[in-house]
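K.L.:
The structure follows.
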Amino acid sequence: MKSLYFKFIMLTIGIMLLSGMLSFFISNTYYQQKLKPFNDAKNTQIALDIAEFAEKHPTTDLKDYLENLSFIGYQLYLVDTSRKSTYFGADFRVKELPNSTIDQVLNNEIYHGLLHFPQETFVTGFFANELRNTIGVPLTHDNKQYALFLRPDIKLLFNEMHILFGWLFALTIILSILMVLISTKYLVQPITKLTKATNSLAEGKFNVELDINRNDELGKLAKSFSHMASQLEQFDDIRKEFISNISHDIQSPLSNIKGYTNLLGKDELPSEDKEKYIAVINGEIERLSTLTKQLLLLSSLDQNEDIMKKKSFNVAEQLKELVRQYQWAIGEKGIMLSYSLPDFEIVGDPLLLNTVWDNLLTNAIKYNKENGSIDLAIAKKDSSVIVTFQDKGIGLSKNEIDRIFDRFYRVDTSRTHSVEGSGLGLSIVSSIIKLHNGKIDVISEENKGTIFSVTLPIQ
Ligand code: ADP
């Protein structure tokens, strides 16, 4: 697999090469369209100026004059009517020039070799050191007719510039590649770190440390990743705690059952004791059965699979029926129960909501005081119904309120010690209310009592 680092560098170099080629083509087109005619016109003017000077100064030594011009950066070729020719300045690489061209110039025509130099598409045509690649002008000196061919001596004119541009070009490329190497490392490094972190997460190591401090997308990704890792760690802790709680809650009734069945196996057991032991065993079996039912319900609520069977029903009726069921337990504890339950139709799952009321009412009984009281009420608010369970029981502290909806959480005080429970009831309550798009609020004060209020949408 080619690394992202390698791909990125290859891509950058590819882009550099491609843009180099494209700019070469574009500048060539510019040269052909604009610079070539301009260059031709400029050099024609220079050649004409030289010819004019020679004509106006017949006494000047023409050869000396042309020799001097060659020093300042021109290659010159002078030919007279008898085809006697002289070169000045640097040698032409190719010295071919048709006789007709020479005749043409001797006959006062200007030769535009620079403009018409053969179909070289590239700017390199400009550098072709050939006699045909010149400007030819007629020149009269001391009553003698000549043809003068001229072109700038590229080597002389451009030598230093070439070196300068060459260095500039090479340095730009080398520095760009170096910078790409460094900056790519900076870009790719966090990805490498994230990949390592993902691997250790997959191995179950949740405490990944990512020292990525940036404000760009990668920084945000690293932050989200760390957040996800800590969430997963939390879920993992919850899962472990859940399993250990379940194991404990199953294990303790099982040990009790085992202990009491052993006792039952003893000979000569008074029938009174026998009945007592059987009652304990039945109680523990009951506990296990309630626990498994609650766990099953929680798991189906968690999976959220069309568990809801909604219909319209009367909540007040349902609550009154529930009160009737628990009448004996309420009476046994000497609790005063009052209620204000006007008829009220809502749409929801009656079975699931019955579980909610059941849990809240049994809690209000279980965590009440001797001769305490419970008050149930239904009220309408906007498009919702509010069902409240108020008890004057043992109440809850602020910290306890924050945790009572956690699975298996039970307040462990001397007063709650003897009360039966699994700690799953309120988490089932909150899941069912959430499924109904409702909410549950708790107001409580230690030793004073608790109010649970459930708000449910009517429809
Ligand atoms: P449990 O099976 O223990 O009753 P729940 O999930 O129903 O489990 O309740 C969790 C804990 O919240 C209980 O153990 C109890 O300590 C506390 N609690 C619930 N309802 C009340 C209440 N009405 N008054 C005081 N404490 C309560």
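The values are calculated or read from the model by the stated rules, or taken from the named source; none is laboratory data. A quick note: this is a predicted structure, and the numbers were derived from the prediction, not measured. Every residue, glycine among them, receives a Cβ derived from its backbone with ideal geometry; neighbour counts consider all protein chains shown. Note: accessible area is taken over every heavy atom of the protein model, side chains too, but ligands, DNA and RNA are not part of it. Shrake-Rupley method; radii C 1.70, N 1.55, O 1.52, S 1.80 Å.
Residue-wise test of (1) more than 7 Å from the ligand (Cβ to nearest atom); (2) under 30 Å from Asn314 (Cβ atoms).
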residue	(1), (2)
Lys392	yes, yes
Gly395	no, no
Arg403	yes, no
Arg415	yes, no
Glu420	yes, no
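K.L.:
Same structure, new question: Quick one: count up the residues across region 143-184 that are open to solvent by 90 Å² or more (accessible area, probe 1.4 Å), within 24 Å of Met21 (Cα to Cα) and touching a residue at least 24 places away in the same chain (Cβ under 8 Å).
P.N.:
0
K.L.:
Then there's this: If you take the residues of region 336-350 that are in a loop (DSSP other than H, G, I, E, B) and without any contact (Cβ under 8 Å) to a residue 40 or more places away in the chain, which of them is farthest from the ligand (Cβ to nearest atom)?
P.N.:
So the residue we want is Asp343.
K.L.:
Identify, please: which residue in region 96-115 is of a type in the set (D, E, K, R) and open to solvent by 90 Å² or more (accessible area, probe 1.4 Å) and is, among those, nearest to Arg151 (Cα to Cα)?
P.N.:
Going through the qualifying residues, I end up with Glu96.
K.L.:
Please verify whether Val315 is out of contact with any Cys (no Cβ under 9 Å at 6 or more places or on another chain), loosely packed, with under 15 Cβ neighbours inside 10 Å, in the same structural domain as Asn447 (by TED's automatic domain parsing) and closer than 16 Å to Ile433 by Cα, treating the condition exactly as stated.
P.N.:
Criteria not met by Val315.
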